[in-house]
1. Considering only the stretch 38-138, give the helices (runs of 4 or more DSSP H) lying wholly within it that have at least 1 residues that are open to solvent by less than 10 Å² (accessible area, probe 1.4 Å), more than 11 Å from the ligand (Cβ to nearest atom) and at pLDDT 95 or above.
2. Is it the case that the stretch 195-215 has a residue that's among the aliphatic types (A, V, I, L, M), away from the ligand (no atom under 13 Å from the Cβ) and part of a loop (DSSP other than H, G, I, E, B)?
3. Would you be able to say whether some residue in the stretch 190-206 is under 16 Å from the mean Cα position of the chain (by Cα), of a type in the set (A, V, I, L, M, F, W, C) and buried (at least 24 other Cβ atoms within 10 Å of the Cβ)?
4. Working only within the stretch 78-114, note down all residues that are under 16 Å from PRO135 (Cα atoms) and of a type in the set (D, E, K, R).
5. Which residues, taken from the stretch 224-241, are open to solvent by 10 Å² or more (accessible area, probe 1.4 Å) and in contact (Cβ under 8 Å) with a residue 40 or more places away in the chain?
Amino acid sequence: MTYEEVLQKAAEVLKPKCRVCKECNGIACRGEIPGVGAAGDASSFTLCRDYFSKIRLHMDAVHEHFEADTSLELFGCTLAGPVMVAPIGGMPFNYTNVLTETEYCEAVVFGANEAGIIAFTGDGPLDDYFPSTLPVINAAEGRGIPTIKPWGKEKLFDRIKDISATNCPAFAMDIDSAALVNLKLQGKPAYAKSEEEIREIVQEAGRPFIVKGVMTAESALRCARAGAYAIVVSNHGGRIMQDALPPISVLREIKDAVGDQMKVLVDGGIRSGSDVFKCLALGADAVLIGRPYAIAAHGGGAEGVALYTEKILQELKETMLMTDCPRLADITQDKIRMYPA
Ligand SMILES: Cc1cc2nc3c(=O)[nH]c(=O)nc-3n(C[C@H](O)[C@H](O)[C@H](O)COP(=O)(O)O)c2cc1C
């Protein structure tokens, strides 16, 4: 199977929910939630693409030839590259019924592992969804990162207990889901969490905890003080609210605030190896990609997910060669420039 074939099949099976656009930029699916779109005028998503296009790369091609090394260590795992599959849930209402939640979870977890990276799995308003992700992670020898919604304390701690029965290297919470429309529509309330509540979660879980949905330096510092292993700078693919800033635009100030106290991950509109490079140049340790992985899973299952990962990592390697960055640590801010300034 080629990646082109994956896209063709995805376009057939995802109609009318996702148009599998040439560039996945949030314009055609504007406002479609439930669905794959972003909230309201979708600017919280579409502006990500505008911002990425203004970050330009410094080409630097006179040097010894090398094969770039994209590998890294995160939460005690070796990854083939600084890319992970973002959690995506709600197959029955956000996508077509071609894949069940479990089949989607299998595609991303097994496909990510095949390509040497790791997938986050999701949670949602349907009660049987989250528990169904854990056996899939176990079948992949623990290589998957469960993500829980910011439920009330009792349900949250039940979920943490369920996670402790797996040997996953870390788990996450999409803290911004406290305002998610899909949860409200189905009468499943979720709640914002304070620094103290994050500290309690870290202590209860006893394994690396990742807070997803952090968009300010102040909140990042709260997570660091509470003992989080990492944050994901994210606006949930623009699905929480319109008029949010693009995560890439706040990445540098957040990294400058937290320094090396914890890992900094980012997502939102990342569509190529060159975009991954730009995120690393602005201080990210690694990135998450959402919608394109859902397209790959619908078009080619685990094989589609692995093919898409290989494509992105190959693009990253080529970008590193053309900017004289043999290793990820060489990707520094001087390798990029805002244009126009
Ligand atoms: C249909 C859909 C469902 C999603 N479900 C979840 C979820 O269950 N948990 C979560 O943390 N994020 C969820 N997200 C957000 C993604 O994890 C990620 O933050 C976002 O999609 C990244 O942007 P990108 O799609 O532009 O790469 C969802 C996004 C979409 C499009």
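The values are calculated or read from the model by the stated rules, or taken from the named source; none is laboratory data. Since the model is a prediction, treat every value here as computed from it, not as a measurement. Cβ sites come from the backbone with ideal geometry, for glycine too, and all protein chains shown count toward neighbours. Just so you know, the surface numbers come from the protein's heavy atoms only, side chains and all, with ligands and any DNA or RNA stripped out. Shrake-Rupley method; radii C 1.70, N 1.55, O 1.52, S 1.80 Å.
1. Fully inside the stretch 38-138 and qualifying: 101-114.
2. No: zero hits.
3. No, the conditions are met nowhere in the stretch 190-206.
4. GLU101, GLU103, GLU106
5. The answer is TYR229, ASN235, HIS236, GLY237, ARG239, ILE240, MET241.
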